[in-house]
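Trainee: Can you keep this structure in mind? I'll have questions shortly.
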Amino acid sequence: RQGIGEPSVYHAVVVIFLEFFAWGLLTTPMLTVLHQTFPQHTFLMNGLIHGVKGLLSFLSAPLIGALSDVWGRKSFLLLTVFFTCAPIPLMKISPWWYFAVISMSGVFAVTFSVIFAYVADITQEHERSTAYGLVSATFAASLVTSPAIGAYLSQAYGDTLVVVLASGVALLDIGFILLAVPESLPEEMRPVSWGAPISWEQADPFASLRKVGQDSTVLLICITVFLSYLPEAGQYSSFFLYLRQVIGFSSETVAAFIGVVGILSILAQTVVLGILMRSIGNKNTILLGLGFQILQLAWYGFGSQPWMMWAAGAVAAMSSITFPAISAMVSRNTDPDQQGVVQGMITGIRGLCNGLGPALYGFVFYLFHVELNEMAEVETLGKASKPNMANPTDESSIIPGPPFLFGACSVLLSLLVALFIPEHNLALRSGSHKKHSTGAQAHPHSPPAGGSDGKEPLLEDSSV
């Protein structure tokens, strides 16, 4: 096999870390370029850009996953990383092309699908949860460290250096895949012929969604996931821009906020989650996580002071336990030969939310006229500058973040639905469904739902 050594989880970890580290560096420059390019409807355009990218990822993930089952993982790792990182140099060359290519790159922004299939190829079933946890923690670590580094370099040396550095990290990732990553899929596990046909069911992104209603418990879980993840996906696409423009956070404060919430989320998903699962049970952990998410979104929606954002951020870290708890419930109560089918349904729901959530948030911001017309005012006056809150009769002075309140209502509905999910003796049946329900799940060793694309298992917009 080409590459260095035998295929290992550490190869996957390096690929994920470098890709998202490169994008994390651009957190501060991207907020500036976004507002300069779309000064009138910043939030709306941000939502549309991320919405198009998320929907394209949802549509393409099953096909790319199915093709990687035929042609191997390495070539598709190279393809997804290359096209996902292709927009980075364009930030300084042509902002319009930069945002256009970001939208179109959604077709290939499915690195997590291929990475989790890669890990499934090389691990035994009892090792897999630990391996996925390592990949997820690495993703979180890249998002915790890189925005702060990017903000410091941008402040000290300018955005151009940050873009050049991010481009260099992306090239390093591509080089690592080419030279160091060995193929994980053995020849004997591939179809006999490389020209073997791929059925439409394998490549159909809606195949898993059509199966949702065939089991009442699966339906309840999928509705819970949809209603809770829709606002989360929208929040990830716009929240840092919201902190910068509406609340008045500086670049350095935004980077520090990401770091602190990221570290707290890692602790919540490791230490706290384990304690809660043992003490109050799986279902109650899910309900508690949804309760924290409602509080967090309501606090973001009504909060107008920086300290409120920090307090809500701590609550947000606790709300990150919800999806791992849901994933664990499904995994524990599904027959081994049906894991891929049921997990694929949930992954499909999350992929759909990655497209709909950002567009919904951008549209609600637009409806409520939450905009900032002069970025320079925030840079010079800092927290004192909140032009959209200057008029006390303006609705934004009462509700600074309307989309977050819409999100809180959505999660409240999710909580009510989750109350009806049975905790014990679940019968997550999938009838005669084939195991290749969605792309990366087509492989017999299907990853758990925690590896859905575009979110990252910890901060969710894994696809950047």
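The values are calculated or read from the model by the stated rules, or taken from the named source; none is laboratory data. Bear in mind the structure is a predicted one, so any value in this text is a computation, not a measurement. Every residue, glycine among them, receives a Cβ derived from its backbone with ideal geometry; neighbour counts consider all protein chains shown. Ligands, DNA and RNA are excluded from the accessible area calculation, which covers all protein heavy atoms including side chains. Shrake-Rupley method; radii C 1.70, N 1.55, O 1.52, S 1.80 Å.
Trainee: Looking at segment 299-322, can you tell me whether even one residue there is at pLDDT 80 or above, assigned by the TED database to the domain that holds residue 220, touching a Leu at 6+ places or on another chain (Cβ under 7 Å) and more than 26 Å from residue 252 (Cα to Cα)?
Mentor: Going through segment 299-322, the residues at pLDDT 80 or above turn out to be 299-302, 305-322.
Now drop any that are not assigned by the TED database to the domain that holds residue 220, which leaves 299-302, 305-322.
Adding the requirement that they be touching a Leu at 6+ places or on another chain (Cβ under 7 Å) leaves 301, 309, 314-315, 317, 320-322.
Next, from what is left, pick out any that are more than 26 Å from residue 252 (Cα to Cα): 321-322.
Looking through segment 299-322, at least one residue is at pLDDT 80 or above, assigned by the TED database to the domain that holds residue 220, touching a Leu at 6+ places or on another chain (Cβ under 7 Å) and more than 26 Å from residue 252 (Cα to Cα).
Trainee: Give the residue, chosen from 156, 151, that is more than 18 Å from the chain's Cα centre (by Cα), of a type outside the set (Lys, Arg), open to solvent by less than 10 Å² (accessible area, probe 1.4 Å) and over 25 Å from residue 350 (Cβ atoms).
Mentor: Details: 156 fails: open to solvent by less than 10 Å² (accessible area, probe 1.4 Å).
Of the residues listed, the single one that is more than 18 Å from the chain's Cα centre (by Cα), of a type outside the set (Lys, Arg), open to solvent by less than 10 Å² (accessible area, probe 1.4 Å) and over 25 Å from residue 350 (Cβ atoms) is 151.
Trainee: Same structure, new question: If we scan segment 98-110, do we find a residue that is without any contact (Cβ under 8 Å) to a residue 40 or more places away in the chain and closer than 18 Å to residue 48 by Cα?
Mentor: Start the filter on segment 98-110 by keeping residues that are without any contact (Cβ under 8 Å) to a residue 40 or more places away in the chain, which leaves 100-101.
Among the residues that remain, those that are also closer than 18 Å to residue 48 by Cα are: 100-101.
Yes: segment 98-110 contains one or more residues that are without any contact (Cβ under 8 Å) to a residue 40 or more places away in the chain and closer than 18 Å to residue 48 by Cα.
Trainee: A further question on this structure: Given the criteria under 20 Å from residue 7 (Cβ atoms) and out of contact with any helix residue (DSSP H, G or I) (no Cβ under 6 Å at 6 or more places or on another chain), does residue 96 qualify?
Mentor: Values: under 20 Å from residue 7 (Cβ atoms): no; out of contact with any helix residue (DSSP H, G or I) (no Cβ under 6 Å at 6 or more places or on another chain): yes.
Judged against the criteria, residue 96 is not a match.
Trainee: Here's another thing I want to ask about it. Could you check how many residues of segment 167-189 are open to solvent by 30 Å² or more (accessible area, probe 1.4 Å), of a type outside the set (Asp, Glu) and at pLDDT below 80?
Mentor: Looking only at that region, the number is 1.
Trainee: Tell me whether segment 57-67 contains one or more residues that are of a type outside the set (A, V, I, L, M), part of a helix (DSSP H, G or I), within 26 Å of residue 172 (Cβ to Cβ) and touching a His at 6+ places or on another chain (Cβ under 8 Å).
Mentor: Restricting attention to segment 57-67, the residues satisfying the condition of being of a type outside the set (A, V, I, L, M) are 57-58, 60, 62, 65.
Cutting the leftovers down to part of a helix (DSSP H, G or I) gives us 57-58, 60, 62, 65.
So of that shortlist, the ones also within 26 Å of residue 172 (Cβ to Cβ) come out as 57, 60, 65.
Going one step further and asking which of them are touching a His at 6+ places or on another chain (Cβ under 8 Å), we end up with 65.
Yes.
Trainee: Okay, next question. Which of (1) of a type outside the set (A, V, I, L, M, F, W, C); (2) at pLDDT 70 or above; (3) outside the structural domain of residue 263 (by the TED database) is the odd one out, the single condition residue 357 does not satisfy?
Mentor: Checking residue 357 against (1) of a type outside the set (A, V, I, L, M, F, W, C); (2) at pLDDT 70 or above; (3) outside the structural domain of residue 263 (by the TED database), the one that fails is (3).
Trainee: Pairs only if they're at least six apart or on different chains, beta carbon under 6 angstrom, first in segment 162-182 and β-branched (Val, Ile, Thr), second surrounded by 17 or more Cβ atoms within 10 Å (Cβ to Cβ) and outside any helix (DSSP H, G or I); list them, first residue then second.
Mentor: 181/3
Trainee: Considering every residue within segment 74-95, establish whether at least one is farther than 28 Å from residue 9 by Cβ and open to solvent by less than 20 Å² (accessible area, probe 1.4 Å). Before you say what the answer is, go through the steps one by one.
Mentor: To start, the set of residues in segment 74-95 that are farther than 28 Å from residue 9 by Cβ comprises 87, 89-95.
Retained after the next criterion (residues that are open to solvent by less than 20 Å² (accessible area, probe 1.4 Å)): 87, 91.
Among the residues of segment 74-95, at least one is farther than 28 Å from residue 9 by Cβ and open to solvent by less than 20 Å² (accessible area, probe 1.4 Å), which makes the answer yes.
Trainee: A follow-up question, please. Does segment 119-142 contain any residue that is in the same structural domain as residue 56 (by the TED database), closer than 23 Å to residue 355 by Cβ, open to solvent by less than 60 Å² (accessible area, probe 1.4 Å) and without any contact (Cβ under 8 Å) to a residue 12 or more places away in the chain?
Mentor: no
Trainee: Starting from residues that are over 16 Å from the mean Cα position of the chain (by Cα) and charged (D, E, K, R), keep the ones in segment 53-78 and report whichever is farthest from residue 105 (Cα to Cα).
Mentor: Only one residue fits best here, namely 69.
Trainee: Within segment 1-29, take every residue that is among the hydrophobic types (A, V, I, L, M, F, W, C) and touching a Gly at 6+ places or on another chain (Cβ under 9 Å) and give me the one that is surrounded by the most Cβ atoms within 10 Å (Cβ to Cβ).
Mentor: So the first thing to find is which residues in segment 1-29 are among the hydrophobic types (A, V, I, L, M, F, W, C), and the list is 4, 9, 12-18, 20-23, 25-26.
With the extra rule that they be touching a Gly at 6+ places or on another chain (Cβ under 9 Å), the set shrinks to 22, 25-26.
Numbers: 22: 26, 25: 29, 26: 24.
The qualifying residue surrounded by the most Cβ atoms within 10 Å (Cβ to Cβ) is 25.
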